[in-house]
Structure formats: structure tokens, C-alpha cells
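Presented below is the structure to which this report refers.
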């Protein structure tokens, strides 16, 4: 996680300003280089104040970077763009070749979705969706895995954060009901089969986690959880129950249909979770 270039996309809301010291501490701990961008989305606002608006925004962005520099954080660019927020954030990220985009979750989602959702759909970089009202540092992290290569990358990032912050890490694996015919089978036999399936899944899952973390045994404060149910719902429920500060997910490749329908687990979690979400690519 260290020495990553993070693009912080801000709308200058009070929540962002209030959380700036906390976010700066996180950037410093992670050893990150930070750039900031603000997108002017109102053509009328730009026309009305065209002579001063962009200058004012640039000055405030420069002030944010100066505050970060005072805390020993490496900074790079402060950028103002005009147009569609998601498109301009993505274009900026591509131009400066950042590793991670950080954007605030939008509680006022429209029918077409929030800016954060639009960025998550198409960004080739990892995306950190930050809940400004529900984040208080790193004490408890949840990483959802399905034993894919993508989830292995997510687990590595989650574990790096756990190490940086001495946090507790829950690794979650959602089980689907076995695809077998249990008609005519007694309840005790069905339960025995499910228990056997769960035990076998746990063995494979623990082996996967140990391999990814390159550890013969599970490291301290890394806890495995196997749950039955739809992944997006169970991940949100688990993170809520344990009051997790962050959910970490691996992003899989997406078809055009998935981009349009937001059918992936990550997108469903983005729409329902009240936890910050780190989508690793």
C-alpha cells in the first residue's frame, strides 16, 4: 500500500473539510503521494463567476495540499476541470497516472446513480469510496473473498492496511447452497451434508488465505468467516454488525451489460453499505 499516488476528488462539502485532518493522517501513514481535483459541474455557475471561480478553487486546492505538506505528505497536482464530474475525474486520473481514486459516497443518489458509482463502473484504477460520516480510522476491516485472483489482490491490500494500522481483519467467504438434490433425504442427512460441505469449504478457504498471506498459520487478528447467502447482502450485514471501518473487495472484469445494470457485488455494496469501500483493481 505504501508510496501510492492517490487522486482525491473533492466537492468541498463541509464533510470533506471536517475530515481533512483525519484523511491527511491516513495519507501520511500510507506513505502516499496526493493530488487533488475539483470539477465544476454547473455551466451557469461558471458563466456567472468565470473571472474568479476557477482562481478561488485553485487557491483552496493549493491550501489543502499545503496543509498536507505540513504533515509530511508528498503532494503533486491541484487540478480544476469543468464538465461531467465522473468523466472529468476519470480523465484526470488517466492524465496523472494515479494508482487510486478517492471519492466521497454520495447519499443523494439519482436514478442514474451517483458520481461515485459512475467512477466505480469504469475506472481502471482502484477506487476508495469514502463515507465521510461513517469513518473513524482503521480498527476493523472486512475483506470479502471468493478465492479468485482478484480477491487475492484485495486480501493482500486489506492485510497491508491491517498491518499499517494494527487493525483487526475479518476475511469473509459467502457460501452458496450446494447444487444437489436432497429430495427424499432426511433432515439430519441434509444437515450432515451441509456441515460436510461447509467444513470442506473452510479447509480450502483457510488454505487460500494462508497462501495469499504467505503464512503457515493465520496471522494474529485475522479471522475467517463463512456465511450462507447472497454475497452483497451478507457482506453489508457482516460489516454493519461488527461496525467495520472499511470493506475491501476485488473488482472483476465487467461486460457492457454489467456496466449498464450495475449487477456486480461491488456495485450492490456501494449502493447499500454505510461503510467506506475500497475496490481493488
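Points worth noting:
- Translational diffusion of the stretch 5-130, µm² s⁻¹ [Kirkwood Rh, Cα pairs; Stokes-Einstein; 4 °C; 1.567 mPa s]: 87 µm²/s
- Listed from fewest to most Cβ neighbours within 10 Å, the set 192, 210, 81 follows the order 192, 210, 81.
- Cβ crowding within 10 Å, taken as a proxy for footprinting-reagent exposure, orders 77, 200 from fewest neighbours to most as 200, 77.
- Calculated on alpha-carbon atoms, Rg and Dmax of the stretch 140-280 in Å: 16.1, 53
- The stretch 194-255: C-alpha pair distances exceeding 16 Å, %: 61 percent
Quick note: the coordinates plus some simple rules give every number you see, no bench work behind them. No experiment lies behind these values; they were computed from the predicted model shown. For neighbour counting, all protein chains shown are included, and Cβ atoms are generated from backbone atoms with ideal geometry for every residue, glycine included.
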